[in-house]
Amino acid sequence: MPLDAEREAYRRRKRREEYLRSTGRPLLVKGTEWERARARVRSFHAQGMTYNQMSRITRVPQRTLVNLAMTSRKGMKRATYTALMAMRFEEPDPTAMISPVATRRRLAALWRDGFPLPWIAERVGVGNRNYFQALLRGTKGVGAVTYGTHSAVADLYEKLEGRWPEELGIEPRAALFVSTFARKKEFAPRMCWDPDTIGDPEALPDWTGYCGTGFGMIVHKRDGIPACQRCVDAYDYRDPYPGFSGEKFRALRVRRGWARTPLGKEVGIDPSTIQYWEEGRSRPQRQGRLDRVLSVLDATYEDVCEM
């Protein structure tokens, strides 16, 4: 290329860089935009699209897509970001091998809710009933599933939403047996998974609706659910009722028609303690105190805590 042409190309490139920078769209994509592109690639991959398919559609190198999905290194070119955000989902070949994460979690959740694996295998057209057991165990050599199997399990999982084994003719004893076995394996039931993230390898089951927060441990204890590690890590034993609101507590007490003195006598707490809670001068510290009060008021933690 002649020198003058090179200089003109350089000037055009710099002018474009400056324009993008001035409009809040720098050539190097980071932060929220990077997270959005990564989530899109991972979501499409979880639904069955291979990196090779995505590369063919977007003309982004396959290695770039793999690095984006699998590593924490942040940053990509603006052109790459634009191509990824314009990408549309394309149905993979039924025989294409994809990640087993979503299929494994759906099978485990159905098993935990009382659906026997042979029953599931029959309805998704898998002849080898032991295949799903090997998939759940993570047996060597079962590190991927075909897109056809992935789709069949996903379709059945969706059809069974809101339905339970007894409704479909499965014997209660059989449902209880498989559910108990799955519970010992610590498999998460369907209610713990978000349909949009069940295929994300980094997603974790939410047993309480508040897992990963200090409030999650409270719900674990209240509902008799074994504590998950995220809630154990987030819980502060010096603050057994995180988010407690004196204003919400007072409004609840008044709404239920209780004065402080009779309420205190009913639960064995000094009325001045209740007054301090409501005025924000102190917070419930001893475990069990607030539980007794809420039992009398026929309320839950959510009624008196800021979530």
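Counting only residues that are in a helix (DSSP H, G or I) and modelled with pLDDT of 90 or more, how many does the stretch 268-291 have?
Count: 9.
State the number of residues belonging to the stretch 26-70 that are of a type in the set (A, V, I, L, M) and touching a helix residue (DSSP H, G or I) at 6+ places or on another chain (Cβ under 7 Å).
Within the stretch 26-70, residues that are of a type in the set (A, V, I, L, M) and touching a helix residue (DSSP H, G or I) at 6+ places or on another chain (Cβ under 7 Å) number 11.
Does any residue of the stretch 183-195 turn out to be among the acidic types (Asp, Glu), out of contact with any Ser or Thr (no Cβ under 6 Å at 6 or more places or on another chain), within 28 Å of CYS228 (Cβ to Cβ) and exposed (fewer than 12 other Cβ atoms within 10 Å of the Cβ)?
Yes, the conditions are met somewhere in the stretch 183-195.
Please determine, by comparing only the residues of the stretch 226-238 that are among the charged types (D, E, K, R) and in a helix (DSSP H, G or I), which one is surrounded by the most Cβ atoms within 10 Å (Cβ to Cβ).
Ranking the qualifying residues of the stretch 226-238, first place goes to ARG230.
When you check ALA188 against the structure, is it closer than 30 Å to SER151 by Cβ, outside any helix (DSSP H, G or I) and at pLDDT 90 or above, yes or no?
When the stated conditions are applied, ALA188 passes them.
Scan the stretch 67-108 residue by residue and report those that are among the charged types (D, E, K, R) and touching a residue at least 60 places away in the same chain (Cβ under 8 Å).
ARG105, ARG106
Out of curiosity, is ALA175 farther than 30 Å from THR71 by Cβ and either outside any helix (DSSP H, G or I) or touching a Pro at 6+ places or on another chain (Cβ under 9 Å) (or both)?
Against the criterion (farther than 30 Å from THR71 by Cβ and either outside any helix (DSSP H, G or I) or touching a Pro at 6+ places or on another chain (Cβ under 9 Å) (or both)), ALA175 qualifies.
Please go through the stretch 191-225 and give me each residue that is in contact (Cβ under 8 Å) with a residue 60 or more places away in the chain, of a type in the set (Val, Ile, Thr) and either more than 22 Å from LYS159 (Cα to Cα) or not in a loop (DSSP other than H, G, I, E, B) (or both), ordered by number.
Within the stretch 191-225, ILE218, VAL219 meet the criteria.
So is THR58 in contact (Cβ under 8 Å) with a residue 24 or more places away in the chain and crowded, with 18+ Cβ neighbours inside 10 Å or not?
yes
Scan the stretch 76-88 residue by residue and report those that are within 10 Å of MET54 (Cβ to Cβ) and outside any helix (DSSP H, G or I).
MET87
So in the stretch 172-182, with the set limited to residues that are surrounded by 16 or more Cβ atoms within 10 Å (Cβ to Cβ) and under 25 Å from VAL219 (Cβ atoms), which one is nearest to the chain's Cα centre (by Cα)?
So the residue we want is ALA182.
The values are calculated or read from the model by the stated rules, or taken from the named source; none is laboratory data. Keep in mind that this is a model prediction, so the values were computed, not measured. Note that we place each Cβ from the backbone using ideal geometry, even for glycine, and neighbour counts take in every protein chain shown.
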